[in-house]
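The structure under discussion appears below in the form of structure tokens.
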Amino acid sequence: QGRQEIRWKRTKLGKRSFGQGSLAFQSHSPGVVEVLRCRLDLGGGVLWTSPFLLNPKELDIDTTLFAEGISLRRWLPVVSRSKARGSGKHSGQQSWRLRWRPEMQLELTGGHLRAKGPGHFAIKDQDWLRTALERYAAGFGTGSDKSDLIKDRLIGALLDFGYKTLSLRIVQGRSPVLRVETQGKGRQIPQELDLTLNVTGYQDLINPGLR
């Protein structure tokens, strides 16, 4: 069959509300549908997908999600389970895999996002931040007054940080990491930073954050 399109003014996925959007698709063999594009308005920005197949014989779905002008203020608390908040607009693209068995899971497999600064972010979970900074500060030595001072300054700055640039990128390997790169200055502790952090375990935040 030919191309068909569904439009809506507002929709809801789980507990999350979305603005207007559209779904363009066409049918192939019985039961197989090709989604040509899915588009959602989201907090002043827009999300859309690359084409993908819905096939009852192959339940996993792979697609690329494109983002333009997505509000950090609205979505950072959601995906971080309220551990962080911020401001600014993000754009970029990410590769996702949706698995349906044994339960629905979203896997972030690649891509990048960049912020249109200036903006800020604040991290509420100081213990998580301290753990994430351990490897970064390890190069300055451990157990010394200098090392402790560096970590304390970093943590104090990043707990409430005004950024000029902010990017997030998936780096593939045996254990994929989320690489966070930022430049800016602490808003409470005025420490200038040009920082790169490799965050492991990022996948554990995604599914609970979206439910």
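Read-outs throughout are calculated quantities, based only on the coordinates presented, and are distinct from any laboratory measurement. Keep in mind that this is a model prediction, so the values were computed, not measured. For neighbour counting, all protein chains shown are included, and Cβ atoms are generated from backbone atoms with ideal geometry for every residue, glycine included.
The figures follow:
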| quantity | calculated |
| --- | --- |
| GluC sites (Glu not before Pro) restricted to DSSP loop in the stretch 1-107 with at most 15 other C-beta within 10 Å | Glu103 |
| Entries of Lys9/Lys124; Lys9/Lys83; Lys83/Lys116; Lys9/Lys57; Lys89/Lys185; Lys124/Lys185 with Cα pairs more than 28 Å apart | Lys9/Lys124; Lys9/Lys83; Lys9/Lys57 |
| Between the stretch 35-70 and the stretch 151-188, the Cα center-to-center distance that results, in Å | 27 Å |
| Derived scalar couplings ³J(HN,Hα) [the stretch 20-26; Karplus, 6.51 cos²θ - 1.76 cosθ + 1.60; whole Hz; x for Gly, Pro] | 5, x, 8, 9, 9, 8, 8 |
| The stretch 29-121 - Rg and Dmax from Cα coordinates, angstrom | 15.3, 50 |
| Full-stretch length increase - Ser17, Thr165 - with 0.36 nm per residue and alpha-carbon distance subtracted | 50.4 nm |
| Using θ = phi - 60° and Karplus 6.51 cos²θ - 1.76 cosθ + 1.60, couplings along the stretch 48-58 (whole Hz; Gly, Pro as x) | 8, 10, 7, x, 8, 9, 9, 10, x, 8, 9 |
| HN-Hα J in Hz across the stretch 2-11 - Karplus 6.51, -1.76, 1.60, θ = phi - 60°, x for Gly and Pro | x, 5, 10, 9, 10, 10, 9, 8, 7, 8 |
| Other-chain or far-sequence residues with amide H under 5 Å of Val32's (modelled H) | none |
| At most 10 other Cβ within 10 Å, DSSP loop - trypsin sites (Lys or Arg not before Pro), the stretch 173-203 | Arg174 |
| Reduced Cα scattering model of the stretch 15-67, Debye log10 I(q)/I(0), q = 0.13, 0.17, 0.20 Å⁻¹ | -0.37, -0.59, -0.76 |
